[in-house]
Each structure stands twice: as structure tokens, then as C-alpha cells.
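Notes follow once the structure below has been shown.
The values are calculated or read from the model by the stated rules, or taken from the named source; none is laboratory data. None of the values given here were measured: they were computed from a predicted structure. We place every Cβ from the backbone using ideal geometry, glycine too, and count neighbours over all the protein chains shown.
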Amino acid sequence: MPGSLQKDVLIAVVVTALLIWLMPLLIGTYTLTVLVIYGMLGLSLGLIWGFGGILCFGQAAFFGLGAYTYAIAAINIGESTLPMILAVLVPAVFAALLGAMMFYGRLTDVYLGVITLVVTLILFKFINSTAGPQYVIGTARLGGFNGIPGFQTLNVPGDPEAYIWGDAYFYVCAIALALVYLLVSVLLRSSFGRIAVGIRENETRLSLMGYDVRARKTVLFAVGAAIAGLAGALFANWGEIVTPNLFSLGQSAEIIIWCIVGGLGTRLGPILGAAGLAYLKFLLGQQSLVDNTLITGLILVLFVLFLPRGVVPALAGLWRISFGRRPLGRIHQARRHRRRERGHG
Amino acid sequence: MAEIVLETQGLTMRFGGVVAANNVDFKLRARELRCLIGPNGAGKSTFFKCVTGLQTPTEGQVFMRGEETTTWMPHQIASLGVGIKTQTPNVMDSLTVFENIWLAARRFHDVAEANRKTDEAIERLALGGIARSDLGQLAHGERQRVELGLVAVGDPWLVLLDEPAAGMSAEDVERMTTIIHELNKTAAIVIVEHDMQFIRSIATQVTVFHQGSVLMEDHVDKVMSDPMVRNVYLGKKA
């Protein structure tokens, strides 16, 4: 990955600060908050799919699991700090177990997609059928298709009375997304991240080099689920209710579309794809002329046909052609190298 | 006598009714250079896959430096310090030459040492001019050279190469020969190869496979003048 980490951090901080300042002037913070949360969810799949080559059809499962974990824990505990931590850990552990089963079972891509899809469906069906009073965890009723309302929302750590809501909650979510983005950047620059990209490119080669591909994919899968879980918990706080729809297949499909439209193999692409498409959906939801899903489908088809690498790689390419230093041809590179050698000699 | 680094005992591999490798006993000593030859379907590649852990043999055992590795996975075998190059180029096409070799070096060294080792390997393989190019853009010979480079950068004591000279120009083959001789100073090498020109040029011990079994084992000149080998390998009537 070109450029230094310090530069990356600096740019991320400046851009985040600018966006946090400017965006609320254009869009209400209530809507912005959910766009930021979807951005984080998009990034979670963008990490494991775009950099690890793991196409997961069930990223919504971890999102929903994070939301439900938070809601159930918040009802039982009351204060929001521990539930937030649990909402990250539970999906991560669940994904580690599921991932270990799939990767150690040497499942290929297609079966991986099918299994993650089915797991999402099972969770969806299961949560939907828990309306009866016997489905209780601690003092929290699962509530079936009605979902779980009325749990303690995010508070200042240690002070259950000091709720974080409205504009303040938007800032918390935006900063959380920036932190996750930086964490992902650090991860991708580390040896672990570079090896993960190697695995995406050629699993056989990496295992012939002596890397345990199965273990590494399992860890990456769990990291992705942890990020999705965090997004889920933030979503639960935003909506102040969790419902089985979080686990729906439609939700999973949408995450995949965000990544394709935004640009796979980039960190920014899935975030922008998620926020952009979610905002479009929000705008389309205010009219009744055309169906929402029809437009989303059309956008996906158009992108796959005309911009298969997504928005961000296309824009980056355009930038490079217009302003960047032209990439040196091989002859130039060789010449430059020779000149340098002569300089040394 | 040097230590035995690779040994198979009664190695047999069956695919349904087909016996691809039949009761192969094979021994390789430290810093030995050995070529495996034989007509198509003779069992060379199956033998190669069983030794590298890409397939588990139906019967028999594989030992590396005295340790049994019969049921091991490829990454466990590679972790011992065994360098493996498969028949089709197995490289990371959308990564740079540097990154390809670095990933191999990183397995056995920390980041700083891996950087140093990678620079050194690039220098030695004369890849300096293209070190930052994506591997997918390079010519076939260059990609093969990079793959050999990433096998060599881990300082292996045993190197297994499946058809390294396939589809390469004469100049590339010559360069490849130099690299193999360089590697052979510290490592035992097994080469599965079709190209007799190439085998003659590295002039070495040869094991001939035929119908899944070892037909004979001798120096390349003796093997090539043997009427039975000429019969099965070159398809001539004895």
C-alpha cells in the first residue's frame, strides 16, 4: 500500500473533522447517523471480501447479532458500556466458530456463500419465532417479530443517567467510524494484512510458503464480524428497537451491493457505497412513483456492466490520469534503475 | 554419506481403479540434485503432490529429515524449510514483485529482516528494474523467475520444482539453470521435468518413472542410452 501511515492518519482526521462539521448543514444528524452506521457495516464486509477474498452472504447476521446482544445485555445490565463490548465480542466469537468450521472444512467460495446465507436465514427464522413468553434471556424477552424495544440506550460510561442522543450521538458514531477506519488501515499495513491480501490473491501459494491459511482466514472473518457487531449495536441505539428484520436476506444483499458499487479492494469504497445508496434509498422512500428495490437493482446492474470496479477505484484512476505523476512505463523504470546504479557505482 | 533429507517408503496413490503411483521407494540425500522424468501419466506429478502434501497417499509413508510427514498439510511441510514450486505458476498476479517475494521472506523472518532478504533476492535475480511492477504484467519467464525467487528467499534445505523450465525461452532456461545451481549449494533439489535439453544441461542423477513405478535410477547419460528407457520414454521400439 503506497504512502505512509502518518499521512493516512492525518488525512483521515482532517477529512473526518471537515465532514462532521459540514455534513449536518446539508442533512439532518438523525439521518446522517444511520448513514455512518451503514458505512461501518459496509466497511466490515469490504475488509473481509475486498482484502481477504471471503465473500460472506451473511454479514447481516453479525450486524443483527450485535444489535440483539446489545439490547439483551442492556436490559439485563442497565449501563451501556459492558453491553457495547459484548455486542462486539459475541458476533466475533460466533464468526470465529463458524469460520473455523468452514475454513478448516476446506469449503470453497460457493459453499461458503451458501452456508453464511443459510446461517442468516436460520437466525432470522429463529428470532421471528420467539414471540412466546418462554423465550427469555435474563429479564429480556426476545419478542419474536415484534422485536425488543425499551432498552437502555448509550450513556456516558459509568453514568447511566447521562444519555448520549441527538447530535452528540451522531458525533460518537462518526468518530467510531473514523477509529474503525484507522484500525483497518493499520491492520492492512501490518504483516497480517499483507498476508491476508496474499491469501486473497493465491491461497495455494501462501500455504506452499508455509502460512496456515485456514487460521488466518478465520481470524480475519472474526474481525469483520466484530466491526459488523459494533455497527449493529450503534444501530440498535439509533433505532431504540431491534427487530428480526436486521437479519433479513435483503439486508445482506444490500451490503454486498454497497461494496460492489463503492469499490472492492478499497477502504473508502464500501463506506461511500453504503452511505450513498442508503441515502438514495431514504430519498426514494419519500416518493411512491417507483419501487425502491427496483432502483437499487438497476444501479447494481449498471455498475456491474459499466463500472465493475466501483466508484472509488474509478475516481482514483481519473485523479491519477488528470493530476498524478504518470506511472512510469517499464522501460523508464529500467532506465531510471540503471541510472541510479550508475550513480552508486 | 550425507544425511537423507527426503524418503518415501512404498508410496502408493490410487484414484478409483487407477494406480497413479505404485509402491515408490525414493531416497534423496542432502545437497543432491535429482530429476524425475517419465512419459505423461507416469506418476511424476502424483508423486510430487504426495510429497508436498497437496495430496495424501493411499498407502506408504513420506519422511523428511527422519520425520514422518505423510498426512501433513502443505503449509506444515513448507514450514519445515521446504521450498515448493508447482507446475502451473502459482504467484500473486496483482501484487508487485517485491510484495510476492516479501510474503515468502516474512514467513521465516521479522519485518526488517524480510525487507533486507527481499532486496537481496531481487538483486540476485536481476529483477531490480521491475521490482515495483505488478507481477501479472510481466513475461512468462520473468514470472517463473520471481516464483523461483520466492521459493529461494526462505533459505530452504529441500526444494521441490515441478517443470520449472516449461514454456521458457533458451535465455531464460540458462538463467534458471544458474539459479538452480546456486540453490543447490545449500539445498537438496528435486526437479520434475520433461525437457531433456534442460536435464542434460544440469547433468545429474535421474529417476525414471513408468506406469506409476520407478523404472531406473542413474546418471542422465546412462539413463538416456538405456534401451528400455528409450523405449518407454521416447516411444521408440527397442
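General observations
- Any hit, region B:165-187, residues being out of contact with any helix residue (DSSP H, G or I) (no Cβ under 8 Å at 6 or more places or on another chain), more than 14 Å from chain A (Cβ to nearest Cβ) and among the basic types (Lys, Arg): yes
- Conditions (1) facing chain A (nearest Cβ under 10 Å); (2) over 17 Å from B:Glu142 (Cβ atoms); (3) buried (at least 16 other Cβ atoms within 10 Å of the Cβ): number failed by B:Val111: (3)
- If you go through region A:225-251 and pick out every residue that is buried (at least 24 other Cβ atoms within 10 Å of the Cβ) and within 17 Å of A:Ile299 (Cβ to Cβ), you end up with 0.
- B:Glu99 fulfils the conditions (1) more than 8 Å from every other protein chain (Cβ to nearest Cβ); (2) modelled with pLDDT of 95 or more except for a single criterion, (1).
- Hits in region B:104-131 (condition: in contact with a Phe, Trp or Tyr (Cβ under 8 Å, 6 or more places away or on another chain) and over 12 Å from B:Ala152 (Cα atoms)): B:Arg107, B:Ala114, B:Asn115, B:Ala131
- Flag for B:Ile130 being among the aliphatic types (A, V, I, L, M) and more than 10 Å from chain A (Cβ to nearest Cβ): no
- Qualifying residues in region A:190-211 (those that are modelled with pLDDT of 95 or more and surrounded by fewer than 16 Cβ atoms within 10 Å (Cβ to Cβ)) - the one nearest to the other protein chains (Cβ to nearest Cβ): A:Ser191
- Filter result for the condition that a residue is farther than 24 Å from A:Pro157 by Cα and free of Cβ contacts under 8 Å to residues at least 24 places away in the same chain, over A:Leu112, A:Leu26: A:Leu26
- Region B:53-78: number of residues that are outside any helix (DSSP H, G or I) and within 14 Å of another protein chain (Cβ to nearest Cβ): 8
- From the list A:Val290, A:Val186, A:Val180, A:Val197, the one residue that fits, being within 26 Å of A:Ile85 (Cβ to Cβ) and over 14 Å from the mean Cα position of the chain (by Cα), is A:Val186.
- Scoring B:Gln76 on the criteria (1) surrounded by fewer than 22 Cβ atoms within 10 Å (Cβ to Cβ); (2) more than 22 Å from B:Gln55 (Cβ to Cβ) leaves a single failure, condition (2).
- Among the residues of region B:90-123, those identified as more than 25 Å from A:Phe103 (Cβ to Cβ) and outside any helix (DSSP H, G or I) are B:Thr96, B:His109, B:Asp110.
- Whichever residue in region B:15-69 is polar (S, T, N, Q) and surrounded by fewer than 14 Cβ atoms within 10 Å (Cβ to Cβ) and, among such residues, is farthest from B:Leu161 (Cα to Cα): B:Thr56
- Residue in region B:34-48 that is within 14 Å of another protein chain (Cβ to nearest Cβ), touching a residue at least 24 places away in the same chain (Cβ under 8 Å) and under 23 Å from B:Arg143 (Cα atoms) present: yes
- Boolean, A:Leu112 is part of a helix (DSSP H, G or I), more than 19 Å from A:Arg216 (Cα to Cα) and in contact with a helix residue (DSSP H, G or I) (Cβ under 7 Å, 6 or more places away or on another chain): no
- Checking B:Arg116 against (1) of a type outside the set (Val, Ile, Thr); (2) more than 22 Å from the chain's Cα centre (by Cα); (3) away from every other protein chain (no Cβ under 11 Å); (4) farther than 23 Å from B:Ala78 by Cα, the condition it does not meet: (4)
- Across region A:212-260, the qualifying residues are those that are of a type in the set (Ser, Thr, Tyr) and more than 30 Å from B:Leu158 (Cβ to Cβ), and the one among them that is nearest to the other protein chains (Cβ to nearest Cβ) is A:Ser252.
- Answer from B:Ser45, B:Ser79 - the residue that is polar (S, T, N, Q) and in contact with a strand residue (DSSP E or B) (Cβ under 9 Å, 6 or more places away or on another chain): B:Ser45
- Looking only at region B:1-52, and only at residues there that are closer than 23 Å to B:Thr186 by Cα and part of a loop (DSSP other than H, G, I, E, B), the one that is modelled with the lowest pLDDT: B:Met1
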